[in-house]
Amino acid sequence: MTHDAARFLSRSCRVLADVLLREWRGVIAGPFRALRGRGPLGVSLGLFATVAVVGLHAYQQTETGAAVLRVVSEVRADQPLALSLLRTPVSLFVPAQDLPAWGGLPRLFLAFALAELAFGRIRTLVVAYAATLSGTLGARVMVAVGPGEPGLPADAAHAVDTGASAAIVGLFAFAAVTLRAPLLFLAAVVPTVTGSIAEPNLAGREHLVAVAFAMVFALLLEKSRFRAPEPLAPSPAPAPAAARCQWALPESAEVDQEVGHGDSRRAGSGGRGGHRGDPRG
């Protein structure tokens, strides 16, 4: 092995070790410490999302449940936009009927739990809902574009668009970019992106839009977080003691006489004026 090859291999090993160490701290050690401090409440969103998906899936199997969920959660591109926006929060936890609900539960729990421990509940909910909404709106645009790249055929407008898959891949993409975790991105995002490219249907296009939105959103937040503050204007130098008084103080002869100074202020440089010790006073 040549000297240059040895240096390249050593540098590559150091870079890989730094990446693994940073990813361990951000993806595993940091969230685990937060979990120890908060307890089960630290993953309350993950638990809620999992229970909600299981419960709504079971309710969907009944005749009444299917009718109710069709009214409150069914989202399609041929609907009015206001109706889709109203149903989107519930549709996030209703699994698609043509996909198995149980297989995606571990990914669902891990995505929400990791994001909640790393970023908090509010940001997790914002990213999950925004990723789902971006996919839904992106599908509308693609249907409007029409068949061919990057559009969708007209019959895609009638497809039911429910499920948490866009939120899951969006949360993983947001966490991978924010925590600078390339291995998390390779393990949790790349397979979904690859499958979406290989099968360019409505769900696949929505996944691509959700990933793109989450990554851009993470980069914008990171940029605003580390933006250098504007330099403050230099404070003016303090004025000299003699110049701090705005108006000259008037002389008071009465006060001079009370303290025994007399005309000492008006005395010459060589005399003592009206000093008490002067026998002429």
What does the net charge come to around Ser134 if you take all other residues with beta carbon closer than 12 Å to its beta carbon, with K and R at +1 and D and E at -1? +1
Where the Cα atoms of segment 67-150 are projected onto their three principal axes, how long is each span, largest first, in whole Å? 40, 29, 25
For segment 101-222, projected area of the alpha-carbon convex hull averaged over all directions, nm²: 7.3 nm²
May I ask for the net charge around Glu74, where only other residues with Cβ less than 9 Å from the Cβ of Glu74 are counted and Lys, Arg are +1 while Asp, Glu are -1? +2
Stretch gain in nm, segment Leu125-Ser44, where the contour uses 0.36 nm per residue and the Cα spacing is subtracted: 28.0 nm
Hydrodynamic radius by Kirkwood, which averages 1/r over all alpha carbon pairs of segment 1-147, in angstrom: 18.4 Å
Per-pair calculated FRET efficiency, R0 = 35 Å: Ala52 and Val145 via Cβ, rounded to 0.05: 0.55
Considering only C-alpha atoms, what is the centroid distance from segment 69-118 to segment 164-218, in Å? 16 Å
In debye to the nearest 20, the charge dipole size for segment 48-159, taken about the Cα centre with +1 at each Lys and Arg Cβ and -1 at each Asp and Glu Cβ, equals 340 debye
Just add up the charged neighbours of Asp161: K/R +1, D/E -1, any other residue whose Cβ is under 9 Å from the Cβ of Asp161. -1
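Read-outs: derived from the displayed coordinates by stated rules, not from any lab. Computed from a predicted model, the values in this text were never measured in an experiment. A quick note on method: Cβ atoms are made from the backbone with ideal geometry, for glycine too, and the neighbour counts reach across all protein chains shown.
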